[in-house]
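For reference, the structure discussed in these notes is given below.
The values are calculated or read from the model by the stated rules, or taken from the named source; none is laboratory data. The structure displayed is predicted, hence computed values, not measured ones. Quick reminder, even Gly has a Cβ in these numbers, built from the backbone with ideal geometry, and neighbours come from all protein chains shown. Heavy atoms of the whole protein, side chains included, go into the accessibility calculation; ligands, DNA and RNA do not. Shrake-Rupley method; radii C 1.70, N 1.55, O 1.52, S 1.80 Å.
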Amino acid sequence: MGDWFSQQLLDWYDRHGRKELPWHRDRSAYRVWVSEIMLQQTQVTTVIPYFERFMERFPSVHDLASAAREEVLGYWSGLGYYARARNLHAAAIEVVERFEGEFPQDPEQLQSLPGIGRSTAAAIAAQAFDQRAAILDGNAKRVLARYHGVEGWPGKTAVANELWDHAEEHTPHERIRDYTQAIMDLGAMVCTRRNPACASCPVRTGCIGYARNDPEAYPGRKPKKEKPEKTLWMLLIEDGEGRLLLEERPPTGIWGGLLSLPEADPALQPEEVPDHCESALGVETNMPDSLEPFRHTFSHYHLWIRPLRLSARRTISIQEHGRLRWLTREQALEAGLPAPIRGLIRQ
DNA sequence: TACGCGTGGTC
DNA sequence: TGACCAAGCGT
């Protein structure tokens, strides 16, 4: 049995909870796992089409394990946080090799797989196996911080630990799967970040945030930090047959493992695009044509991208990060590109 | 412990 | 329109 809080949530879930999301249809550990990874820091409506395409191409953990990493990244292209895709692929191989293709039910064993942390392990154990395990995703954090009046930003370990304790204490012994879905649904549908629908909340009578008449004050905000600004030239280099020069980025760091446009030597200044310079790569093209620079804002910094279309017969130095390849636009778009680069290439 | 890691939605 | 943030994890 559970406490009053969990009983209220389960009753509410039976009447209002979400039960028709794509990963609810067949709750195999594999499908739950893929959905949980995609949903990390990513909204449900964004994930749905990616999940459907991914499942069509990789219907089982064996299909995923035997695929080339490049193709997996291609199916992830546009979702962001590409380490998730690299870890997903690596974990699929481990599940096949270490666990004979069967996901372990124990959260601790799940957590030993790359890309699966405490909350995701618990979510898989609960959703796929109905095992008692507490989750603490962004929704649960918000619900619990408000209900218990937990002060401070959950990014701090002490605050997170306090929330984990509340998460554990409320997790019932029955209907784990429904309770787990219930607390996430309540956070997504009622206890929203802004303008929470407290009048519709099944636990408002015990909620400290509600009693203080300021639920939006919880959880505490992340202290804001100055975002660094970086500038670079991205080279849009096309050969006589319409193929583009692309670079395979190294496996770690920004856009790890994806194809991108090569970058010019950082010493290159905007006003001095050289007619000739020492070349890492000799490229012969036709007419110079500079595109407008634009600022792309990432979560953590601003990036000025100065697309330089090389069409003059000239050479230019490339700051090389990874292997360079010539691909047609169609091939490039299919292989998978970071969203801003995709936008550049489509022009 | 604090930071790096994408993209799109929202206001 | 820029700031903030979403079903976190790895290092």
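Values computed for the structure shown
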| quantity | calculated |
| --- | --- |
| Candidates A:ALA29, A:ALA68, filtered to the one that is within 19 Å of A:GLY256 (Cβ to Cβ), more than 10 Å from DNA strand C (Cβ to nearest atom) and over 17 Å from the mean Cα position of the chain (by Cα) | A:ALA68 |
| Residue within the stretch A:87-110 that is over 20 Å from A:LEU21 (Cβ atoms), of a type in the set (Asp, Glu) and open to solvent by less than 60 Å² (accessible area, probe 1.4 Å) present | yes |
| Residue match in the stretch A:199-217 (condition: touching a helix residue (DSSP H, G or I) at 6+ places or on another chain (Cβ under 7 Å), open to solvent by 70 Å² or more (accessible area, probe 1.4 Å), within 16 Å of DNA strand C (Cβ to nearest atom) and not acidic (Asp, Glu)) | no |
| Count - residues of the stretch A:32-49 that are near DNA strand C (Cβ under 7 Å from one of its atoms) and of a type in the set (Ser, Thr, Tyr) | 2 |
| Test: residue in the stretch A:84-96 that is more than 15 Å from DNA strand C (Cβ to nearest atom), in the same structural domain as A:ARG175 (by TED's automatic domain parsing) and either at pLDDT below 95 or assigned to a helix (DSSP H, G or I) (or both) | yes |
| Pair list, Cβ under 7 Å, 6 or more apart: the stretch A:37-60 residue over 14 Å from A:ALA85 (Cβ atoms) and among the β-branched types (Val, Ile, Thr), other residue open to solvent by less than 40 Å² (accessible area, probe 1.4 Å) and part of a helix (DSSP H, G or I) | A:ILE48/A:PRO22 |
| Inter-residue pairs, beta-carbon under 7 Å, first over 21 Å from A:ARG146 (Cα atoms) and in the stretch A:221-232, second open to solvent by 100 Å² or more (accessible area, probe 1.4 Å), 6+ apart | A:LYS227/A:HIS300 |
| Residues satisfying the stated conditions in the stretch A:38-57, i.e. assigned to a loop (DSSP other than H, G, I, E, B) and surrounded by 12 or more Cβ atoms within 10 Å (Cβ to Cβ) | A:LEU39, A:GLN40, A:THR42 |
| For A:SER35: the one exception among (1) of a type in the set (S, T, N, Q); (2) within 17 Å of A:ALA188 (Cβ to Cβ); (3) open to solvent by 20 Å² or more (accessible area, probe 1.4 Å) | (3) |
| Unmet criterion (only one of (1) under 30 Å from A:VAL32 (Cα atoms); (2) at pLDDT 95 or above; (3) surrounded by fewer than 20 Cβ atoms within 10 Å (Cβ to Cβ)) for A:ARG193 | (2) |
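For (1) at negative phi; (2) open to solvent by 30 Å² or more (accessible area, probe 1.4 Å); (3) within 16 Å of DNA strand B (Cβ to nearest atom); (4) in contact (Cβ under 8 Å) with a residue 12 or more places away in the chain, each residue gets a yes or a no:
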residue	(1), (2), (3), (4)
A:ARG132	yes, yes, no, yes
A:ASP137	yes, yes, yes, yes
A:GLY149	no, no, no, yes
A:GLU162	yes, yes, yes, yes
A:PRO172	yes, no, no, yes
